[in-house]
Amino acid sequence: TATMKSLRFISAEAFVSNAEFARKSLGSVAHNLFPLLFKASYLLEQGEVIHDLVENWPFVDFNMGKLLGTTVDYQEDLSHRTCSVCLESCLTGLRDYVLNHPSPYVKRLKVVDLTGIKDVEVQFCECKKTMGRWARTQLLSKLCLELLVYLQQRRCNPGIFEISIDVLIDLFVTERNYELVVQALLKKCYCPLKICCVAFRSDNLALQKFFYITKLIDASLLRKLEIVHNVRLEMEHLEMLFNSIHFPLLMSLTLPARTFNVRRFTATDEQMLTNIGEKMGKMTQLTELSMSFSILTGRIQKLLSPLKTPLKMLDVSNCSLNHADMAYLANSFHANHLEALDLSGHNIPDLYPSTFFKLLSHSSSVLRSLTLEDCNIQDTHVNMLILSLSPCQKLQEFRFLGNPLSSQALKHLFTFLCELPMLKNVEFPVPRDCYPIGITYPIDDACLCRFDHQKYESVAEELNLILLQANREDVKASTPLFGSYDAAVQETNNELGAYLINSFKETLEKFTTSLNKMS
């Protein structure tokens with residue numbers, strides 16, 4: 001089984017379970033056993049042992065993803081355990097690696113890779129306290145600055161300043177941790193621990209601050225850039241960003257809502273869009289693009305045709321695409337490579353059913369994830385949907401929340417979904433017959449929870465029974481009313497909530513001032 005342990009791993013667990021003994025004995029442990037002991041300590045949440053293992057790490061590199069991933073001695077992947085005790089022990093151990101070794105000249109560590117850590121919804125660690133991406137960004141920045149203060153205040157071995165360790169990390173910056181991260185990046189050249197940003201996510205940040213911090217991270221290393229929610233980036237700002245910074249390794253780009261709005265385009269804006277397309281065309285590694293909630297009617301070809309590399313992931317949800325846009329996507333060279341596609345918020349059955357069918361048939365050999373939320377898919381469209389999905393034999397995730405489907409139609413659809421061999425996750429809507437008669441779609445947030453919960457539970461039970469009878473217990477079916485889990489949003493929801501309240505308050509104040517002026 002996946003959780004089977006070798007005798008070596010069982011012995012390692014026994015060794016680290018007595019933290020005091022393990023810490024005293026580390027000096028006499030063979031170096032090739034350190035990775036084994038690290039994974040065993042992580043599984044048992046032995047923070048002190050983890051700290052000491054990292055503090056005395058004998059190798060040139062320390063790669064969290066590889067150390068916690070599937071290994072010969074224990075196949076279970078622990079990289080999705082973002083246990084606060086373990087991760088804090090890792091990072092403080094790294095700081096003390098720099099400070100506490102008797103001779104800096106025997107230190108070999110050059111690269112620490114923290115990018116393999118995966119943030120997931122359900123945590124299996126016993127402490128139940130997680131350290132998400134934002135908190136990891138915060139702690140590493142804090143430790144780098146503390147290290148500099150310590151080195152300035154104490155007379156240290158001069159050799160310490162010759163230590164240089166690249167720490168690869170996915171940074172997540174908001175207003176609340178901005179100053180700390182900026183200070184750590186500004187002083188990077190003086191610190192033995194060098195923050196190397198491989199992926200950068202920015203949320204709830206003023207544009208000026210966003211532009212400043214992007215100048216501080218080394219864009220030549222950046223593989224993923226996420227500018228989301230409360231960063232008010234519009235098309236002219238995106239052009240400025242692409243003109244001022246080169247992203248040679250960028251593979252994934254996420255833009256905030258309303259970056260583009262073609263309804264108010266001028267001739268200058270058209271040229272600007274062309275320039276942005278050309279700039280993206282020079283990003284030869286770019287394979288993932290998310291532009292949800294922008295208005296891009298009739299402009300998809302202008303934006304995507306300059307790309308030299310086919311896209312593997314495309315999110316154009318709620319982008320007001322027209323038939324020409326869908327026709328371009330269906331016939332473009334991207335179609336044959338799309339592994340993940342989000343077309344939510346488009347009336348697919350009425351506007352472009354045949355083009356959608358063509359797009360899916362082209363991407364069917366590779367498509368793993370399909371999202372069709374709020375697409376006005378009704379009972380009469382289910383057979384068409386089944387026909388479209390039939391070739392998609394590699395589909396693993398299918399999300400279709402917010403569609404007006406009856407419980408009977410859902411049962412019909414689920415009977416078909418059982419036949420997709422790779423399917424693992426299905427997000428289905430509350431059946432239309434669970435809502436009051438006359439409900440209109442898309443359902444607004446105020447009415448979303450006003451359905452017959454008892455009837456829904458009964459239908460959900462029947463749908464799960466269909467999966468069970470087809471021996472598809474491996475498929476998880478759920479109805480997350482307010483959308484799929486997002487680890488980053490979950491971690492910073494208090495800050496984002498406060499930001500939204502302040503924005504609403506400012507809008508009201510401006511409105512009141514305008515009214516007073518009028519009167």
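The values are calculated or read from the model by the stated rules, or taken from the named source; none is laboratory data. Keep in mind it's a predicted model, so treat the numbers as computed, not measured. Here the Cβ positions follow ideal geometry from the backbone for every residue, glycine too, while neighbour counts run over all protein chains shown. SASA here: full protein model, heavy atoms, side chains in, ligands and nucleic acids out. Shrake-Rupley method; radii C 1.70, N 1.55, O 1.52, S 1.80 Å.
Listing for the model above:
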item	result
Unique match (being more than 21 Å from LYS118 (Cβ to Cβ) and either open to solvent by 10 Å² or more (accessible area, probe 1.4 Å) or within 25 Å of the chain's Cα centre (by Cα) (or both)) among LEU139, LEU143	LEU143
Positions within the range 151-160 being part of a helix (DSSP H, G or I) and surrounded by 14 or more Cβ atoms within 10 Å (Cβ to Cβ), in sequence order	LEU151, ILE160
Identity of the residue in the range 418-428, open to solvent by less than 80 Å² (accessible area, probe 1.4 Å) and out of contact with any helix residue (DSSP H, G or I) (no Cβ under 8 Å at 6 or more places or on another chain), that ends up farthest from LEU367 (Cα to Cα)	GLU427
Members of the range 106-127 that are in contact (Cβ under 8 Å) with a residue 40 or more places away in the chain and exposed (fewer than 12 other Cβ atoms within 10 Å of the Cβ)	ARG108, GLU121, GLU126
In the range 443-494, the residues that are open to solvent by 90 Å² or more (accessible area, probe 1.4 Å) and either at positive phi or touching a Ser or Thr at 6+ places or on another chain (Cβ under 6 Å) (or both)	ASN471
Scan of the range 378-392 for residues that are open to solvent by 40 Å² or more (accessible area, probe 1.4 Å) and more than 12 Å from LEU360 (Cβ to Cβ), ordered by number	GLN378, ASP379, THR380, ASN383
Check on LEU329, under 23 Å from SER292 (Cβ atoms) and modelled with pLDDT under 95	no
In the range 250-268, the residues that are at negative phi and open to solvent by 30 Å² or more (accessible area, probe 1.4 Å)	MET251, ALA257, ASN261, ARG263, ARG264, PHE265, THR266, ALA267, THR268
Near pairs, Cβ below 7 angstrom, 6+ apart or cross-chain, from the range 262-281 (in contact (Cβ under 8 Å) with a residue 40 or more places away in the chain) to any residue that is among the aromatic types (Phe, Trp, Tyr) and surrounded by 16 or more Cβ atoms within 10 Å (Cβ to Cβ)	ILE276/PHE242; LYS279/PHE242
